[in-house]
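What follows is a single structure, written as C-alpha cells, with notes after it.
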Amino acid sequence: MGEHGISRNRASRWLAALSGAPAPDSGAYGTALRVVDASLRGQAARYIALTPDPDNRFVRARHGEVGLEQGWALAQAVRDGMAADAGCADKRAIIAVIDTPGQAYGRREEAYGIHLALAAAVDAYASARLAGHPVIGLMVGQAMSGGLLAHGHQANRLLALDAAEVITQAMGKQAAAQVTLRSVEALEALAAELPPMAYDIRSYAGLGLLWRLLPVEAIDAPTAADIVRVRIALGEALADIRQAGDQGRRQGAGMAQRASRLVRQRLREQWEQGSW
C-alpha cells in the first residue's frame, strides 16, 4: 500500500488508539464518519474522525473529503453530543481527529448546497464550544482548506503531530499554482521564505495557531509511547480549557496569535473611545 493509502486510514487508526475502542464501520452517521464515546483524563469525551468512503455515491467525497453527507453527519454527531449533555455542569469534551484533503469539489456538490453542509458542521462545533463543551482538534494527517474549517478548526485548542506527513493550507499545491499562475516548484521556493505560504506543520505552528506540536515515533502505526504522549497532551489541553474557564473561546499560541489579540484589543479601545 502506498503512502496515500496509508494516510487515508490515519484518522481512524489514531481515533481507535486514543479512545481505546474501534469505531463501527457504519452507523447513525454514515459510512465515512467514526464516532466513539470514551473518556479523556477520567472525563466523558466524544472522539470524531472522518475517514475515506470509497463507495460513496458522490465520487468527489471518496478519499476523506468533507462533502454533502459528511458535513451534515459531522453536525449531527456534534449536536447529538450536546443534546446528551443538556443540563449537565461538566459537558463532554469533543475531540476532532483530523486527516482530510479538503472539501469535496463538484458540480453536484455545489448545486445541492455543500456550502450549507459545511456551514452546519462549523456551526455545530462553534455552538458546542460556546455551550461549554471543550473542543480539541488533533491534526494527524492532511488538514486542508474547507475540510479543516468544517472539521476541527473551531476548537478551543488545536494540536498537531510533528511529522512531515501532517500538512495544512487553504489550497492544494496544484490548485494554488493554477490560481497564482506559478509552477508548483515556484510556490515551494516561495514557501521557504514565507511561512504563510508553506504547507508543513512547523511553518503553520510558527503562525501561532497551534496550541502544541507533538513529536511521534510512528505516525502511521502509533507506538505505545506515541499514544501515551498524545493522550497526555489532549488531557492537558482539556485541563487548560477547564482551568481557564474559556470553553467558549479559541486560543492559539505564540507571538503571532498574541499580536493579533493585541491589535483587536487596541481597535476595540479606539472604537469605544471614539478616537477613530
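Restricting the first member to segment 199-226 and to residues that are modelled with pLDDT under 95, and the second to residues that are polar (S, T, N, Q), the beta-carbon pairs closer than 6 Å and six or more apart or on different chains are Tyr199/Gln169; Tyr204/Thr168; Gly208/Gln257.
When you go through (1) under 22 Å from Arg10 (Cα atoms); (2) free of Cβ contacts under 8 Å to residues at least 60 places away in the same chain; (3) over 15 Å from the mean Cα position of the chain (by Cα) one by one for Gly235, which number turns out not to apply? Checking Gly235 against (1) under 22 Å from Arg10 (Cα atoms); (2) free of Cβ contacts under 8 Å to residues at least 60 places away in the same chain; (3) over 15 Å from the mean Cα position of the chain (by Cα), the one that fails is (2). Would you pick out the residues in segment 12-61 that are β-branched (Val, Ile, Thr) and touching a helix residue (DSSP H, G or I) at 6+ places or on another chain (Cβ under 6 Å)? Listed by number, the residues that qualify are Val35, Val36, Ile48, Thr51. Hey, among the residues in segment 14-47 that are in contact (Cβ under 8 Å) with a residue 60 or more places away in the chain and either in a loop (DSSP other than H, G, I, E, B) or touching a Pro at 6+ places or on another chain (Cβ under 7 Å) (or both), which one's farthest from Ala73 (Cα to Cα)? So the residue we want is Arg41. If I ask for residues that are at pLDDT 95 or above and either out of contact with any strand residue (DSSP E or B) (no Cβ under 6 Å at 6 or more places or on another chain) or among the charged types (D, E, K, R) (or both), which ones from segment 87-103 would you list? Matches in segment 87-103: Lys91, Arg92, Asp99.
A count restricted to segment 70-105 and to residues that are surrounded by fewer than 21 Cβ atoms within 10 Å (Cβ to Cβ), of a type in the set (A, V, I, L, M, F, W, C) and not in a helix (DSSP H, G or I) stands at 3. Taking the listed residues Leu181, Leu187, Leu161, the one that is under 16 Å from the mean Cα position of the chain (by Cα) and of a type outside the set (Asp, Glu) is Leu161, with no other qualifying. Which residues, taken from segment 48-69, are open to solvent by less than 20 Å² (accessible area, probe 1.4 Å) and touching a residue at least 60 places away in the same chain (Cβ under 8 Å)? Selection gives Ile48, Leu50, Gly64, Val66.
The values are calculated or read from the model by the stated rules, or taken from the named source; none is laboratory data. Since this is a predicted model, take the numbers as computed values, not measurements. Cβ: placed from backbone, ideal geometry, glycine included. Neighbour counts: every protein chain shown. Just the protein is used for accessible areas: all its heavy atoms, side chains included, with ligands, DNA and RNA removed. Shrake-Rupley method; radii C 1.70, N 1.55, O 1.52, S 1.80 Å.
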